[in-house]
Each structure stands twice: as C-alpha cells, then as structure tokens.
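Following: one structure in structure tokens, then a few remarks.
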Amino acid sequence: MARNSHLPAHRRHPLSTHGGVRGAGTEDPRGHHDSRSGVDSGTGFRAVRVRMGSRWNRGFALVIVLWTGVLLSVMAATFAFSMRVETRLAGNLVARTKAEAIAEAGIHRGILALLADAQQARWITDGRPYELAFGEGSMRIRLVSENGKVDLNGAPEALVHGLLRALAENGELADTRQAARVADAILDWRDSDNRVRPDGAEDGDYRASGRPFGSRDGAFLSVSELNQVLGVDADIYARLAPWVTVYSWAPQVDPMTAPRNVLLAVPGLDSALVDQFLAAREAMYASQDAGIEAPSRLPVELLSPGARYLSRAASKVYTVEARGELPGGTRSSRRAVIQMTGDARKPYSIVAWFDSVPEYDIATQ
C-alpha cells in the first residue's frame, strides 16, 4: 500500500484536475486556487502598483518641469528688470556728469567775462542771469559783486539792523522783533567784548541754550558761520545769506550792483525811492546792451538820504554762479568766489568753491 493511502482522497491529489502542475492556476492568499486568470494574484497586485507608481512619477516630473519653467521665467524677468534699472541709472549718471561739466564750464565763462577790458562788452555784476547755449545743453551764469552786499564784519550797526528790518517788512522774517534779535546777536558775535546788546546774545546765553560754544567775539570767517549765531535757524539763514558777505570788509554798499533788499536796508531810503532808482539803473544798463549812448549820469541824488552808506568803489571780489542744464531737464550748479588780483600773469584767484547752489534770482529781489 502506498505511503499516503490512508489519507483522504482530496489530500492525496496535489495536482489540479486540469492536469497542470501546482501553481499553473492562481491561488489567493488563503490558499484557494483560481483557475480563471492563470496569473498569480500577488503578481497582479504588483503590476497594478507598478503602473500606478509610473503614472505618479510622470505627474510629479511634470509638476517639477512646470515649476522650473516658472522659476526660470521669474529669474529672466528679474534680470531684464535689473538691466533696465542699471541702464537707466547709467544714463542718469552720464547726464549728471554732462550737466556738471557744463556748470563748471559756465564758471570759467563767467570769469572770462570779469576779465573783459573796456573795449569788450562787459557783463553786469548785479546778479542778472546770462543764458548761453553750450554743446547739447545750456548754461545760466550770474555775476554778483560782493560790494553790493552787506558785509557781516565791516557794515555799521545801522546797516545790519536795516537789512534784517527790510527782510521782516518783506515778510521774510516773522516780525521786526525777530529782526532786532537776529541783528543784535550778529553784532554780539562779531564784537570783541562780552557786553550783551538789548536783544543780543553772549557766552552765557549760548550756554543757557545748551550749546557747547559761546559767541565768537571776533570776525565772521564765512557767511555759513551765521548758522552758529543764536536765533538763526536754517530758514532765517536761507533768507539772509544771499544779501551778506565776508569778502568786501566795506562799511558801505555799491548802489550800482546792490539788489533791492540791500538798498532797502540803507537808512533813509524807502521803497519808493529805491524802486525809482532801480528803474533808472535798469534803463541805463539796457541802453548799454543795445549800444545806445547811456545817460551821462545816473540820478544818484534819489539815494541822497542814505549817501553815507553808499560807495561806488570798484569791487575786487565777485561770486560767479553757473547752472548747466540738458534738454531732458538734468541740472547741476556750481559757485565760485573770485578775487581779482590785478596781476597780468595771474589775474584772479579762486577764494572759495561750492558744488551746490540754492536757486534764487538776486537781481529781482
């Protein structure tokens, strides 16, 4: 008898009824044979998983490609924008450099006008603008005689007070009280004593205001030193600076070059007299420009009430201001203080140089 003859019939036949070997059909995880598919169920699940994994990988790769494209597009746009900005900045720098060169050329053109002799057309040094074409741009030049200003060191007290009072009456200072305080503070700054004027300021006042310095008690070294005077803020300085100087040391002003604000500072002169004189002066200058014989004498008798504060002494120091401008609107300004030496080998020297100039028309004020 065979070894396993004692087993039940269904245990003695490991082969399928189809005659195939074991495993030809499929068997589920519980050991049941599936003769319909002919494929092992485990292998089928793996095939499905492979197909699903392949589709997921392709989708993920597509997302990566899309995001990479977006990132590259953003980078390209950013680079293009930065190039446009840098190109614009470079263009602005070139324009700025050209305007600066025109302004500096304007300074030298103004100096040339100061050196003109009697046979050449001379420019008027009352601050009126002269417009000239230059290269692809233009220059605007003004010549200002320092004798036409109030000298912070040489002017008498009445002239200093007169200038501040004129600014107050023109609305450029708060009131005449403020004008008196500023004038006295200026006078206390420049004098050599410690006596305080009625509205002035000496060392104790500066310390009381928290400043680490006192009154100079000496001459102004520059107009910008006004910023240190007690009571002079940035606004007052901007309104006062165009009309004062430290270069003439003169006790008087030149009526032929002094602007309206300075003439109004002269004790004894009122706006009616000043305006009448300025009209006559302008008519004389206009006739000279047109080549017409000028009046033999200017009606300076109009200014006789203030004669003691006026002088026709020739100036040796001038301010030359020049502005260079391009068609696109780019501007640059320069200012130089020029001293005439009278030496043919070196006819002038540059006393001071400024790379920025506030915009104002001294000839009209």
Cα-projected label distance for SER222 with ALA80, points at 7 Å along beta-carbon direction, nm:
5.0 nm
Separation in nanometres of the label points that stand 7 Å from Cα toward Cβ, at LYS346 and ARG96:
3.4 nm
Cβ-defined net charge surrounding GLY231, 10 Å radius [Lys, Arg +1; Asp, Glu -1]:
-3
For a label point 7 Å along the Cα-to-beta-carbon line of PHE134, residues of the range 315-347 with backbone N under 15 Å:
320-327, 330-337
FRET efficiency (ASP270, SER311; Cβ distance; R0 22 Å; to 0.05) is 0.60
Dipole magnitude of the range 103-364 about its Cα centre (Cβ charges: Lys, Arg +1; Asp, Glu -1), debye to nearest 20
500 debye
Cα Rg over Rh - the range 101-182, Kirkwood:
1.16
Rg and Dmax [Cα atoms of the range 228-344; Å; Rg one decimal, Dmax integer]
17.5, 50
Calculate the translational D of the range 103-364 in whole µm² s⁻¹ from Stokes-Einstein, where the hydrodynamic radius comes from the Kirkwood formula applied to all Cα pairs, the temperature is 25 °C and the viscosity 0.890 mPa s.
125 µm²/s
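Where a number appears in this text, it was derived from the coordinates with a stated rule and is not lab data. Given the structure is predicted, the values throughout are model-derived calculations rather than measurements. Cβ: placed from backbone, ideal geometry, glycine included. Neighbour counts: every protein chain shown.
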